[in-house]
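Structure first, then comments.
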Amino acid sequence: MGDSSFGARARRLGAAAAAAAALAILAAPQALAEGGPELSGSSELFSALGLGDGRLGLSSVSRLVLEARPSERASFRAEASLELDYGALSAFAAAEDAGLAAAAELPPGVDPRRDFSLDQAYATLIAGPLDLRAGLVPIAWGSAYAFNPTSRVAPPRSPWDAEETEVGSPGLDLCLSLPRGLALELYAAFSDRSKSLWPSLEEGDPELLPWGAKLQYRGSGFDISIGALREIMSFGDAGGDSRSYWACADAVGSLGELDLYAEAALRIDGPSFPDWEEGLEAAAGLAWALPLDGATLRLEYARLGSGGAGPEDYDWAALLAGTAVTLGRDYLLAALEREEADRWSVSGGLLANLDDGSLAAAAEAAFRPEPEIELSLRCILYRGERGDEFDGRFEAAPGAELDLARPLLGIGLRMDF
């Protein structure tokens, strides 16, 4: 359903000035020096028309990537973005229209249209069989395309954002290559998944810090791994109630033109372990390179035990807070895409909530008159009965109805550098 949470956007505003300054300091002194850091990125403008209410929305997204490799053993990477949303594409405007927010309540100097995010900023050191990453590190476990139940460090991500940049977490990630195709990966992070804006003394409690460990085997044409992790959804929960422990497994391999994958996480600290109904989260699917040149078919099924079994169990408050991006338990994703590199691409996808029968569909056609310029046309549609997830309408407060599933048609322009 996308990120419609104003709270999730507001949590990132507090770090904007410091992050922008840090990135500038890193880039400026060496950007023009021979062998210095490499800069790349993109700027995109998007305009959308609401197909139901006729309201217009505008957005601008600029992304900057800095990469430096001072030696064969050491490297650094940082990625940041600046997004501005107006009209129907503004989460704050939608909340204000529903009576859930007011501009007068904002702290002085805060612009809810502006969302600056420093997504990654980390150093990598390679020492023989050891790879060490430290800083704002992306910790992206799992091989599934749209749903990743074994990735429980970064904030939850919408299935529609499967190819977006993985948000980093402050911490340390270590990967040690072992004999016979084995590898051991360990991580320790220093933030909760909600990325809370307000500091807390609990953040320093070793019992409330996320960690993970997994053993991976890399074979000929397939990889498998098993591991365990501790997830912290929010430091703000009294007594550490947001702490949970999971056992996880992941497998990916190829069979001819088929890429197959499956991953699962089972909560191991619940009162009724093993709870196969509410304690299991899993995803499995395939990517099939079709005989048609440049075409790929994707199919994926996800079972999310933490979701609601039906509309009466949906946690809309978690969706607004950004601690959840879906509401149900069972999902099926089907997507078809075809492209000719640096020329054009077309794609379409259908996401079905199998619990209530509601549907969300998205399609995009893009054309590149030049390798650095892309023109696109996009459409998002929803279908569902009132109360269903992809109907989107619910009463967020007495007398305040919010609609999170508004169909739209839009055009975009992106320039890469």
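The numbers here are math on the coordinates, done by the rules we state, and not lab data. Worth saying up front: this structure is predicted, and the values here are computed from it rather than measured. No Cβ is skipped: glycine too gets one built from the backbone with ideal geometry, and neighbour counts run over all protein chains shown.
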Taking a ≥ b ≥ c as the square roots of the Cα gyration tensor eigenvalues, with a/c under 1.5 meaning rounded and otherwise prolate when a/b beats b/c or oblate if not, the stretch 270-373 comes out prolate
Using the 10 angstrom Cβ neighbour count as an exposure proxy, how do R386, R343, R230 rank, fewest first? R386, R343, R230
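Let's see if you can work this out: charge +1 on each Lys and Arg Cβ, -1 on each Asp and Glu Cβ, no other charges. What is the dipole magnitude of the chain about its Cα centre, in debye to the nearest 20? Could you put the intermediate results ahead of the total?
Details: 33 positive and 65 negative charges, 156 e Å.
It comes to approximately 760 debye.
According to the Kirkwood expression over distinct Cα-Cα pairs, how big is the hydrodynamic radius of the chain, in Å? Intermediate values should be presented prior to the final figure.
Numbers: mean 1/r = 0.0435 Å⁻¹.
Averaging 1/r across every pair of different Cα atoms and inverting gives 23.0 Å.
Normalising by the residue count of the stretch 73-125, find the relative contact order in percent from Cα pairs under 8 Å and 6+ residues apart.
Details: 58 pairs, mean separation 34.8, N = 53.
It rounds to 66 percent for the stretch 73-125.
Using Cα-Cα distances under 8 Å and only pairs 6 or more residues apart, what relative contact order does the chain have, in percent? Write out the running numbers ahead of the final one.
Working: 1034 pairs, mean separation 55.8, N = 417.
Worked out over the chain, it gives 13 percent.
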Proxy exposure order for F394, F147 (fewest C-beta within 10 Å first) is F394, F147
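State, as an integer percentage, the relative contact order of the stretch 34-162 based on alpha-carbon contacts under 8 Å between residues 6 or more apart.
Details: 214 pairs, mean separation 23.3, N = 129.
For the stretch 34-162, the relative contact order is 18 percent.
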Sorting I380, I224 on the 10 Å Cβ count, fewest up front, what's the list? I224, I380
Positive end of the charge dipole of the stretch 157-254 (Lys, Arg +1 and Asp, Glu -1 on Cβ, about the Cα centre): tell me which of A188, G212, I226 has its Cα farthest that way. I226
Placing +1 on each Lys and Arg Cβ and -1 on each Asp and Glu Cβ in the chain, then taking the dipole about the Cα centre, the residue among P107, Y382, L49 whose Cα reaches farthest towards the positive end is P107
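Counting other C-beta atoms within 10 Å, and keeping those with at most 13, which DSSP coil trypsin sites (Lys or Arg not before Pro) do you find in the stretch 58-129?
Answer by residue number: R73.
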